[in-house]
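The values are calculated or read from the model by the stated rules, or taken from the named source; none is laboratory data. Please read these numbers as outputs of a predicted model, since none were measured by experiment. With ideal geometry, Cβ positions are generated from the backbone for all residues, glycine too; neighbour counts draw on all protein chains shown.
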């Protein structure tokens, strides 16, 4: 099968879990003998083609007001107009169409669309190509992809989201198959009436268990108890809630290891909160493989509705139990035998979990094997079966008409 994947960013230009999922799918497909081309954005129109791990990468120069990745410092007005253009960017559809004419794929799988916009679907269906879309976030419902504002999750869509969402909702009619990286993110879009003609599938991320994981845990000392956070340092990730819960523990009862970076002002505020604590370690940016072997418990205290929470599975791959917020798709991943689910708006719930781990460290020890077993359920074979099923179904369906 000749497969084209569309992703706003792609390795080596990685930002988050969505790009890693796109890379996992592309490389797994290539490893199974399929021809795979990834189409990704570039800041300039003359970016050369590339190849990585058997996957061909074609770049499409972004035509909008500015390059927004990973975070832009553009003023409010320019950001508003950028997102308005991104509601339906016809110029990007024309650029994408030229690439598709050269690739001539059997099926197109779109992932994150920011920069391309849903106009990409118009270019795909104008060529009567089977189309499968993977949902990684709330981009189709909210221009900022989060449905999170002023420290709160949005219970309904504001006027701006509804306005920007009109062309996006309309264009979902052209999609043959839709894949959610969790039941939560898939159902939320279906509940809003999106993808009325699409076959719906859930495909969780695949996690490869490191060969050194078992040895790393056998050698890990039980004390001090190391509580870890791994992710971007931003309000929606809930790190402030974790810091406050940790500071309520007796001094030196455990260590809090914080891995990640964020907006400098916000990060400085967080660091100041722990400035007098030697039991809090700020590590900056580190990879999961260099961080997870050294922690006993990972906390994922997200305030916003995470589509999935890939870091949960990465922790399980190292046999690390997880305390995860009851947000989005996170609870779908955590069983009672390998972690806890808590309400991040009830500070006492996370505090009780941390206290329990301090007082009963052997309980965490007992959870290691369950966490490792949980990781095995999220295999590459399971993910590929879901994706190939969606691709084959899309290619066998009567073609939906091109977008009007």
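I'd like the full set of residues that are under 19 Å from the mean Cα position of the chain (by Cα) and part of a strand (DSSP E or B), limited to region 177-199. Selection gives 178, 179, 180.
For region 311-346, filtering for residues that are in contact (Cβ under 8 Å) with a residue 24 or more places away in the chain, farther than 25 Å from residue 223 by Cα and in a helix (DSSP H, G or I) leaves 3. Scanning region 1-26 for residues that are under 21 Å from residue 203 (Cα atoms) and loosely packed, with under 15 Cβ neighbours inside 10 Å turns up 2, 14, 15. Checking each residue in region 114-128 for being surrounded by fewer than 24 Cβ atoms within 10 Å (Cβ to Cβ), in a loop (DSSP other than H, G, I, E, B) and on the phi < 0 side of the Ramachandran plot picks out 114, 127. Does residue 101 satisfy the condition of being surrounded by fewer than 19 Cβ atoms within 10 Å (Cβ to Cβ), more than 25 Å from the chain's Cα centre (by Cα) and assigned to a helix (DSSP H, G or I)? In short, yes. Please specify each residue of region 240-278 satisfying the condition of being surrounded by 17 or more Cβ atoms within 10 Å (Cβ to Cβ) and touching a residue at least 40 places away in the same chain (Cβ under 8 Å). Residues satisfying the conditions are 241, 242, 245, 246, 249, 254. Taking region 129-169 as the range and being over 23 Å from the mean Cα position of the chain (by Cα) and at pLDDT 95 or above as the test, the residues that pass are 129, 130. Residues in region 27-51 that are without any contact (Cβ under 8 Å) to a residue 24 or more places away in the chain, part of a loop (DSSP other than H, G, I, E, B) and surrounded by 15 or more Cβ atoms within 10 Å (Cβ to Cβ): 47 only.
For region 347-361, a residue qualifies if it is part of a helix (DSSP H, G or I), surrounded by fewer than 17 Cβ atoms within 10 Å (Cβ to Cβ) and either without any contact (Cβ under 8 Å) to a residue 12 or more places away in the chain or not assigned by TED's automatic domain parsing to the domain that holds residue 308 (or both), and the qualifying residues are 348, 352, 356, 359.
If only one of 388, 364 is more than 21 Å from residue 246 (Cβ to Cβ) and buried (at least 16 other Cβ atoms within 10 Å of the Cβ), which one is it?
Details: 364 fails: more than 21 Å from residue 246 (Cβ to Cβ).
After ruling out the rest, the residue left standing is 388.
From the list 316, 342, 285, 291, which residue is under 24 Å from residue 205 (Cα atoms), touching a strand residue (DSSP E or B) at 6+ places or on another chain (Cβ under 9 Å) and exposed (fewer than 15 other Cβ atoms within 10 Å of the Cβ)?
Values: 316 fails: exposed (fewer than 15 other Cβ atoms within 10 Å of the Cβ); 342 fails: exposed (fewer than 15 other Cβ atoms within 10 Å of the Cβ); 291 fails: exposed (fewer than 15 other Cβ atoms within 10 Å of the Cβ).
Answer to the selection: 285.
Scanning region 79-98 for residues that are at pLDDT 95 or above and part of a helix (DSSP H, G or I) yields 90, 91, 92, 93, 94, 95, 96, 97, 98.
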